[in-house]
Every structure is written in C-alpha cells, then in structure tokens.
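Peer 1: Dumping the structure here so I can ask a few things about it.
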Amino acid sequence: MDQCRVRRMSVRRPRRQIAVLIALMCLTLPAVGSAQSPIPVLAGMSASASSLRDSIVSLARAQIGTRYKHGGASPQRGFDCSGLVQYVMARFAMIVPRTARQQAAVGVPVDRDTSLLRPGDLLTFASNAKANVSHIGIYIGNGRFVHASSVAGRVIESPLNRAPAPKIKIWRGVARIPWAPDPPTSIGLLATPER
C-alpha cells in the first residue's frame with residue numbers, strides 16, 4: 001500500500017518534488033562567503049534558457065514561507081525583496097547588485113505587457129508612478145510572481161494584477177536579465193572549414 005502511495009505522488013507531483021530537491025541541495029551545500037557565490041551543482045543544471053528559467057522559478061518558489069528580514073539575503077537569516085532576487089540569481093551564476101533600484105537598472109527593459117513576460121523576469125514596483133523603484137520580485141508565469149513581502153512578513157507568491165491598496169506598491173516595469181544564448185544545435189554546420 002505504501003508503494004502505491006509513493007507511485008501516485010511521483011506521477012502527480014513531479015514539480016513539487018523537483019522544487020524540494022533543489023531546495024534541499026541548496027540547504028545541504030555549504031555557503032561560501034555570501035549570497036553571491038554560485039553553487040556549482042545548480043549553476044550547471046540548465047542547458048537552455050527555457051530550462052534555466054524553469055530552474056529559477058523552482059528555486060524562487062522553494063523560498064516561499066521564508067521570513068522577511070530587512071537586509072536579509074539567505075534562507076537562514078531571512079530575505080528582503082532584493083536579497084531574494086540576489087540569492088536566486090547567484091545560484092545560477094548571475095550576479096546582480098544588492099538593491100531593488102540597482103537590480104532594475106541591470107536588466108534589459110521590457111514593455112509592461114503581460115504577454116511579453118517570461119518566467120525569471122524581474123518585476124519592479126514603486127509607491128507611485130513617478131517614484132523610484134523600491135520593490136522587486138521574480139515573475140513565475142501565469143500572471144504571478146514571488147517576492148519577499150514586508151507586509152506579509154515572509155516570501156510569498158502574489159498575482160500581478162492585485163487590487164490597489166495603501167500598502168501594496170504598483171507595478172512599474174520589467175527587467176530581463178540577459179540569459180546565456182542556447183548552444184547551437186549542430187556545430188558541424190556552423191564551423192565547416194574552408195578547403
């Protein structure tokens with residue numbers, strides 16, 4: 001009976017198991033230096049931009065529930081919004097600055113159109129349309145993003161089209177971190193020597 005239960009779980013919940021596996025690998029590997037040091041096992045995990053985006057989303061979602069801590073940049077001490085982004089990106093050898101405003105400036109700007117968003121894009125927020133960026137999160141697809149919320153006191157997943165409220169910041173823009181290009185499918189066709 002236990003074997004049947006295990007089989008059902010493995011078929012129905014493969015994404016959750018992958019996220020848990022990634023989270024466990026992050027927790028069991030020793031942290032060297034700071035949140036900036038990439039974990040070699042995870043850095044080489046994804047061969048294409050698509051699977052890299054999926055890996056970023058899985059690692060970001062694995063942090064849901066971690067407490068909010070102003071200035072925090074690790075699961076053990078807690079995260080603030082930019083610390084979460086920095087932590088997740090560093091695990092895939094993508095070094096980004098520390099603050100939300102600096103992180104927004106690093107990426108390639110993308111139009112604020114939900115049909116153009118890709119998982120792994122950085123969403124920027126501000127208290128009003130003319131204010132500087134003061135909050136950032138990671139888009140995970142289907143109109144949702146993961147961010148460290150000071151109001152909720154932890155890392156949460158939220159819909160992008162939230163109703164306006166005094167403590168909820170408005171969506172300002174999108175910053176896409178330039179991903180490594182996909183490797184060519186056939187090197188022989190691209191590198192044919194002249195005779």
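Read-outs throughout are calculated quantities, based only on the coordinates presented, and are distinct from any laboratory measurement. In this text the structure is predicted, and so the values were computed from the model without any measurement. Note that each Cβ is placed from the backbone with ideal geometry, even for glycine, and that neighbours are counted across all protein chains shown.
Peer 1: From the backbone phi of region 103-117, what are the Karplus-calculated ³J(HN,Hα) couplings (6.51 cos²θ - 1.76 cosθ + 1.60, θ = phi - 60°) in whole Hz, Gly and Pro given as x?
Peer 2: Per residue, the Karplus-derived 3J(HN,Hα) values read 5, 5, 6, 6, x, 7, x, 10, 4, 7, 10, 4, 6, 8, 5 Hz.
Peer 1: If packing is taken as the mean number of other Cβ atoms within 10 Å per residue, what is the order of 67-76, 97-106, 162-171, highest first?
Peer 2: Top of the packing list down: 97-106, 67-76, 162-171.
Peer 1: Consider a paramagnetic label point 7 Å from the Cα of residue 160 along Cα→Cβ; state which residues of region 115-129 have an amide N under 16 Å from it.
Peer 2: Once the point is set 7 Å along Cα→Cβ of residue 160, 115-126 turn out to lie under 16 Å by backbone N, inside region 115-129.
Peer 1: In addition: Using 7 Å Cα-to-Cβ label points, what is the residue 76/residue 150 separation (nm, one decimal)?
Peer 2: Taking the two extended label points, one gets 2.6 nm.
Peer 1: A further question follows. What's the magnitude of the charge dipole for region 35-179 around its Cα centre, counting Lys and Arg as +1 and Asp and Glu as -1 at the beta-carbon? Answer in Debye, nearest 20.
Peer 2: 400
Peer 1: Which value in nm describes the separation of the simple spin-label points at residue 67 and residue 50, placed 7 Å from the Cα toward the beta carbon?
Peer 2: Here the modelled spin labels are 4.1 nm apart.
Peer 1: Under 8 Å for C-alpha pairs, at least 6 residues apart: give me the relative contact order for region 35-179, rounded to a whole percent.
Peer 2: 26
Peer 1: Report the label-to-label distance for residue 93 and residue 142 in nanometres (one decimal), using points 7 Å from each Cα along the Cα→Cβ vector.
Peer 2: Modelled inter-label distance: 3.1 nm.
Peer 1: Here is a follow-up. Return 59, 52, 116 ranked ascending by Cβ neighbour count within 10 Å, so the fewest neighbours appear first.
Peer 2: 116, 52, 59
Peer 1: Here's something else I'd like to know. Compute the orientation-averaged projected area for region 35-179 from the convex hull of its Cα atoms and round it to one decimal in nm².
Peer 2: 7.8
Peer 1: Next question, about the same structure. Positive end of the charge dipole of region 65-168 (Lys, Arg +1 and Asp, Glu -1 on Cβ, about the Cα centre): tell me which of 141, 96, 76 has its Cα farthest that way.
Peer 2: Farthest along the dipole direction, towards plus: 76.
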